[in-house]
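Here the structure is laid out as structure tokens; the discussion comes afterwards.
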Amino acid sequence: MLLGGVPMSWMNKWVGGYPVYFATASGSTISDVDGNTYIDFCLGDTGAMAGHSPAATSEAIAERAGGAGGITTMLPNADATRVAINLRERFGLDYWQFTLSATDANRFALRLARQITQRRKVLVFSYCYHGTVDESFVTLSDGQPVSRAGNVGPSVDPTETTEVVEFNDLSALREVLARGEIAAILAEPALTNIGIVLPEDEFLRQVREAANEYGTLLILDETHTFSAGYNGASGLYGVRPDILTIGKSLGGGVPFGAYGMSSEVAARIAAQSEADYVDTGGIGGTLAGNALSLGAARATLEEVFTRENFETMVGLADRFATGVSQAIRKYDLPWCIVQLGARTEYRFVAEAPSTGGASAAAADEDLDSYFHLFMLNRGVLMTPFHNMALMSPATTAAQVDAHSHLFDQACAALVAP
Ligand SMILES: Cc1ncc(COP(=O)(O)O)c(C=O)c1O
């Protein structure tokens, strides 16, 4: 049977110790096997940011899976080019490759960065999360790099492969880069996995400049920060990385990841004649770039993640944040709400933290659990990792208002004598 009762152990991370077993999901709603329905602000922790089974994506999947389609062949097709064109237009990077997950996109980006710079180490921000990428499981503890608590069976101590500094700490970053050992900085434009931690003014531009100065590549992971808007957070903040990685939402729920690179990076890869890019060199995935994923990604990017839909999603997140802020003010609570485009998260501190370390310290498990369960029991699903809420094009203003109403009730119950 299933280990832990679930297909993957992380699915048990719900308040109450076990997950809701879902039966169907459509648009912004989920139904469970007991017949309850939920407004879904979790959206598969971004995997379903396009909404559940969006029509355009479903049609593309049906076309591929149907009689004369073909799901996987080991051959390129026209959808691959269309996806690359869409991503190039959005993110401003010329060349693209496809994977089945964001984790793989990050792993391959790091391999390429080490190969072309001939440097061994990478730099990450403390409390980052980039999927199950070995090099990224390192945090600062009392200012010292340590293997992240709970790191399962690491093959090497990640402090040997990775330097770590706090987000928004430019001088620490420059100090590490100045040693000339760092192949790449792997970063989200805003941290999203330890609460949302936004970049301070100019921080990303200064990181870009420092990377250029010290010959380090900048890899921006837009897997979650794509919520910022049509051009992602790199577009919003005006920073162009050398390599951009992304996954989760692009396939509209079908496994798909991508990494894009500048022409300069592509030229450096091409110049590395001793590296095996076509067989057993460490960059691969037999089903990567399969026709089903590419069809789903083409439809999702061209027809669902449009500028108009992003406007709707961000508008809904604004409305969500307003509702939460009103209750916070009404009950005079020392809390705040943080927003990155279509993604919002309430924090139980008066001011949003500016580093991963501060954000980890500000976490309040009891309050997180209280709000999570309060919502779940009343038909609203929040992301179990923090109280994050994401808007899809299918989300409605009425659903957002239903949350605002419940949030007000939850606060009232909490402050009641
Ligand atoms: C920023 C970021 N990058 C990469 C990943 C990895 O995605 P996946 O587990 O789909 O490979 C995650 C997962 O949460 C993420 O938050």
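Hey, could you check the stretch 214-244 for residues that are hydroxyl-bearing (Ser, Thr, Tyr) and surrounded by fewer than 24 Cβ atoms within 10 Å (Cβ to Cβ) and say which is nearest to the chain's Cα centre (by Cα)? Break it down stepwise before answering.
We begin by selecting, within the stretch 214-244, every residue hydroxyl-bearing (Ser, Thr, Tyr); these are 214, 216, 223, 225, 227, 230, 234, 237.
Checking the rest, the ones that are also surrounded by fewer than 24 Cβ atoms within 10 Å (Cβ to Cβ) come to 214, 230, 237.
Details: Tyr214: 27, Tyr230: 15, Tyr237: 17 Å.
So, considering only residues that are hydroxyl-bearing (Ser, Thr, Tyr) and surrounded by fewer than 24 Cβ atoms within 10 Å (Cβ to Cβ), the one nearest to the chain's Cα centre (by Cα) is Tyr230.
Here's the yes/no breakdown for (1) of a type in the set (Asp, Glu); (2) over 25 Å from Gly131 (Cβ atoms); (3) open to solvent by less than 30 Å² (accessible area, probe 1.4 Å):
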position: Leu2; (1), (2), (3): no, no, no
position: Val6; (1), (2), (3): no, no, yes
position: Trp14; (1), (2), (3): no, no, no
position: Val20; (1), (2), (3): no, no, no
position: Gly35; (1), (2), (3): no, yes, no
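If you go through the stretch 83-104 one residue at a time, how many are open to solvent by 30 Å² or more (accessible area, probe 1.4 Å) and away from the ligand (no atom under 16 Å from the Cβ)?
Result for the stretch 83-104: 6.
Of the conditions (1) open to solvent by less than 10 Å² (accessible area, probe 1.4 Å); (2) more than 12 Å from the ligand (Cβ to nearest atom); (3) farther than 17 Å from Glu89 by Cα, Glu264 fails just one. Which one is it?
All conditions pass for Glu264, except number (1).
Could you list, in sequence order, the residues of the stretch 391-417 that are open to solvent by 40 Å² or more (accessible area, probe 1.4 Å), of a type in the set (Val, Ile, Thr) and more than 21 Å from Phe348 (Cα to Cα)?
Thr396
For the stretch 288-310, which residues satisfy the criterion of being small (Gly, Ala, Ser) and part of a loop (DSSP other than H, G, I, E, B)?
In the first step, residues of the stretch 288-310 are kept if they are small (Gly, Ala, Ser); the result is 288-289, 291, 293, 295-297, 299.
Within the stretch 288-310, Ala288, Gly289 meet the criteria.
Output yes when any residue across the stretch 125-134 is in contact (Cβ under 8 Å) with a residue 12 or more places away in the chain, closer than 26 Å to Ala389 by Cα, away from the ligand (no atom under 14 Å from the Cβ) and in a helix (DSSP H, G or I), and no when none is.
Filtering the stretch 125-134 for residues in contact (Cβ under 8 Å) with a residue 12 or more places away in the chain gives 125-134.
The next check asks that each one be closer than 26 Å to Ala389 by Cα; those that pass are 125-133.
If we keep only those that are away from the ligand (no atom under 14 Å from the Cβ) as well, we get 126.
Cutting the leftovers down to in a helix (DSSP H, G or I) gives us none.
Looking for residues that are in contact (Cβ under 8 Å) with a residue 12 or more places away in the chain, closer than 26 Å to Ala389 by Cα, away from the ligand (no atom under 14 Å from the Cβ) and in a helix (DSSP H, G or I), one finds none in the stretch 125-134, hence no.
Name the residue, out of Ala342, Ala288, Ala321, that is assigned by TED's automatic domain parsing to the domain that holds Gly131 and of a type in the set (A, V, I, L, M, F, W, C). Explain how you work it out, then say what you get.
Working: Ala342 fails: assigned by TED's automatic domain parsing to the domain that holds Gly131; Ala321 fails: assigned by TED's automatic domain parsing to the domain that holds Gly131.
The match here is Ala288.
Would you point out which residue out of Ala25, Ala56, Ala80 is touching an Asp or Glu at 6+ places or on another chain (Cβ under 6 Å) and either surrounded by 14 or more Cβ atoms within 10 Å (Cβ to Cβ) or closer than 25 Å to Tyr370 by Cα (or both)? Full working, then the answer.
Numbers: Ala25 fails: touching an Asp or Glu at 6+ places or on another chain (Cβ under 6 Å); Ala80 fails: touching an Asp or Glu at 6+ places or on another chain (Cβ under 6 Å).
From the options Ala25, Ala56, Ala80, the qualifying one is Ala56.
Just to be sure I understand, how many residues within the stretch 339-389 are of a type in the set (Asp, Glu) and assigned to a helix (DSSP H, G or I)?
Pass one, the stretch 339-389, residues of a type in the set (Asp, Glu): 345, 351, 364-366, 368.
Still in the running and assigned to a helix (DSSP H, G or I): 365-366, 368.
So the count comes out to 3.
Could you grab me the full set of residues in the stretch 348-367 that are open to solvent by less than 40 Å² (accessible area, probe 1.4 Å) and not aromatic (Phe, Trp, Tyr)?
At the first step, the residues of the stretch 348-367 found to be open to solvent by less than 40 Å² (accessible area, probe 1.4 Å) are 348-349, 353, 355-357, 359-360, 362, 367.
If the condition is that a residue be open to solvent by less than 40 Å² (accessible area, probe 1.4 Å) and not aromatic (Phe, Trp, Tyr), then Val349, Pro353, Thr355, Gly356, Gly357, Ser359, Ala360, Ala362, Leu367 are the ones that fit.
Only one of these conditions is not met by Gly69: (1) assigned by TED's automatic domain parsing to the domain that holds Leu316; (2) open to solvent by less than 70 Å² (accessible area, probe 1.4 Å); (3) not hydrophobic (A, V, I, L, M, F, W, C). Which number is it?
In the conditions (1) assigned by TED's automatic domain parsing to the domain that holds Leu316; (2) open to solvent by less than 70 Å² (accessible area, probe 1.4 Å); (3) not hydrophobic (A, V, I, L, M, F, W, C), Gly69 misses (1) alone.
Look at Arg107 and say whether it is open to solvent by 30 Å² or more (accessible area, probe 1.4 Å), away from the ligand (no atom under 14 Å from the Cβ) and in contact (Cβ under 8 Å) with a residue 24 or more places away in the chain.
Values: open to solvent by 30 Å² or more (accessible area, probe 1.4 Å): yes; away from the ligand (no atom under 14 Å from the Cβ): no; in contact (Cβ under 8 Å) with a residue 24 or more places away in the chain: yes.
No; evaluated as a whole, the condition is false for this residue.
The values are calculated or read from the model by the stated rules, or taken from the named source; none is laboratory data. If you're wondering where the values come from, they're calculated on a predicted model, not measured in any experiment. Methodologically, a virtual Cβ is constructed for each residue, glycine included, from the backbone with ideal geometry; neighbour enumeration extends over all protein chains shown. The area values use the complete protein model at the heavy-atom level, side chains included, leaving out ligands, DNA and RNA. Shrake-Rupley method; radii C 1.70, N 1.55, O 1.52, S 1.80 Å.
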